[in-house]
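The values are calculated or read from the model by the stated rules, or taken from the named source; none is laboratory data. Please read these numbers as outputs of a predicted model, since none were measured by experiment. Every residue, glycine among them, receives a Cβ derived from its backbone with ideal geometry; neighbour counts consider all protein chains shown.
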Amino acid sequence: MTDEPIYLDHNATTAPDGRVIDALRHALAVAWGNPSSVHAPGLAARDVVARARDAVARLVGIDSSEVVFTSGGTEAIALAVWSAWQRRGRGRSRVVVSAVEHPAVLEAARALAPQGADVRTCRVDGRGRIDLDELRALVDGTTAFAAVMYANNEVGTLQPVREAASICAAAGVPLLCDAVQAVGKIPVSMRDVGADYLAVSAHKLYGPKGIGCLCVKHGAACVPIIPGGGQEGGARSGTENVSGIAGFGEACRLACERAGEQARMAALRDDLETRILRATGAAVVGVPGERLPNTIGLLLERVDAQALVIRLSARGVYVSAGSACHTGKSKGSHVLAAMGIGEERGRSFVRVSLGAGTTREEVARAGDIIVAEVERCRSRSGR
Ligand code: PLP
């Protein structure tokens, strides 16, 4: 048995696949031209960008002309929010967001308040799923746009995004779907969802950081937040991050190849979950059948999650206490709060997120270490 570290924080980020690193290296060393140049180095870079665009489009089932490369998920979301707001119809000043959206969505929506946006939050139930009746009541002829995420980063809950999209479509309201946590983990088809905007980030699917895209449905508004030379069809200026885009494209190609692996992932997740639950009496947060196949959200009574994460890290098991965005901040998680989990209980929340390379041996070893450290934390707190 080895004592290699075990990374179980794939919702925070993923280590780039070796083939992604090769694609980056190739783009940096060979396709280093400016894609806007008409000479050979420029054409080589343009070709790399075009191939990557095709790979991204294929993964989410859209046309490559609907892909706008951005610096990641946060910028993709900001672009969608800005575009939908700028092109809202007359009398439409309400903005509807689910209570469990990522801060990238919540803060972008809040930033519109000085311009007259009336930001409303759609509640979720105890398992983190949005209340579709409330969404139906909030989305009407006064609504500028709505945002409902595909999968939650902290607890893994999958939202009823198709139903949300049809509610929005019936009211003529554009829908932004933050699919950053879903793409690469489960099959995502933008057409099938029916969203107007879909945000994707490469570093959640074994790609590089600082690159992602906004998928903009044909006909949906796209108002640039970064003006300049008019790259990306005028939607996002700035010389393209060719190497990042190449890595993103490769990551998407690999994700297409992995498409059948969800069941394997879910089985490993269930195995780890059972090991932990049986020995610690933890409670699982989220919807059993409707969550990401890699994610376990645990409430561990009488355990300080931050302390546990540090202890586990010392033993080479890497998990997180909530999302990476909350770590180190004193404020509790807005996601857990929206699900009715108070701040005190929320301090015992630990997220374990498996990856494509997680093995049965790692699950068995991580399970033993987690159980042992939970017991240690409890015996200390009981003293
Ligand atoms: N949306 C969700 C659900 C996320 O989990 C994240 C990253 O953690 C983002 C958006 C932001 O993406 P990026 O890190 O590429 O800016």
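Quick notes on this structure:
- Residue match in the range 11-21 (condition: buried (at least 22 other Cβ atoms within 10 Å of the Cβ) and not in a loop (DSSP other than H, G, I, E, B)): yes
- Qualifying residue in the range 356-377 (condition: under 20 Å from the mean Cα position of the chain (by Cα) and within 16 Å of the ligand (Cβ to nearest atom)): no
- A search for C-beta distances below 9 Å between a residue of the range 187-208 that is within 15 Å of Leu292 (Cβ to Cβ) and in contact (Cβ under 8 Å) with a residue 40 or more places away in the chain and any residue that is surrounded by 24 or more Cβ atoms within 10 Å (Cβ to Cβ) and of a type in the set (D, E, K, R), counting only pairs 6+ apart in sequence or on different chains, returns Lys204/Lys185; Leu205/Lys185.
- Counting the residues of the range 168-192 that are in a loop (DSSP other than H, G, I, E, B), away from the ligand (no atom under 14 Å from the Cβ) and within 17 Å of Ala76 (Cβ to Cβ) gives 1.
- No other residue among Arg236, Arg253, Arg258 is modelled with pLDDT of 95 or more and either more than 16 Å from the ligand (Cβ to nearest atom) or small (Gly, Ala, Ser) (or both) apart from Arg253.
- Test for Pro35: is it surrounded by 14 or more Cβ atoms within 10 Å (Cβ to Cβ), free of Cβ contacts under 8 Å to residues at least 24 places away in the same chain, more than 30 Å from Ala321 (Cβ to Cβ) and out of contact with any Phe, Trp or Tyr (no Cβ under 6 Å at 6 or more places or on another chain): no
- Options Ala146, Ala195, Ala151, Ala165; residue that is small (Gly, Ala, Ser), crowded, with 16+ Cβ neighbours inside 10 Å and within 11 Å of the ligand (Cβ to nearest atom): Ala151
- Criterion (away from the ligand (no atom under 15 Å from the Cβ), among the charged types (D, E, K, R) and either surrounded by fewer than 19 Cβ atoms within 10 Å (Cβ to Cβ) or touching a residue at least 60 places away in the same chain (Cβ under 8 Å) (or both)) met by exactly one of Arg94, Arg87: Arg87
- Ile130 being within 30 Å of Ala23 (Cβ to Cβ) and within 16 Å of the ligand (Cβ to nearest atom): no
- Candidate set: the range 198-231, residues that are among the charged types (D, E, K, R) and within 13 Å of the ligand (Cβ to nearest atom); chosen: the one nearest to Leu354 (Cα to Cα): Lys204
- Any hit, the range 190-207, residues being more than 17 Å from Glu66 (Cβ to Cβ) and touching an Asp or Glu at 6+ places or on another chain (Cβ under 8 Å): yes
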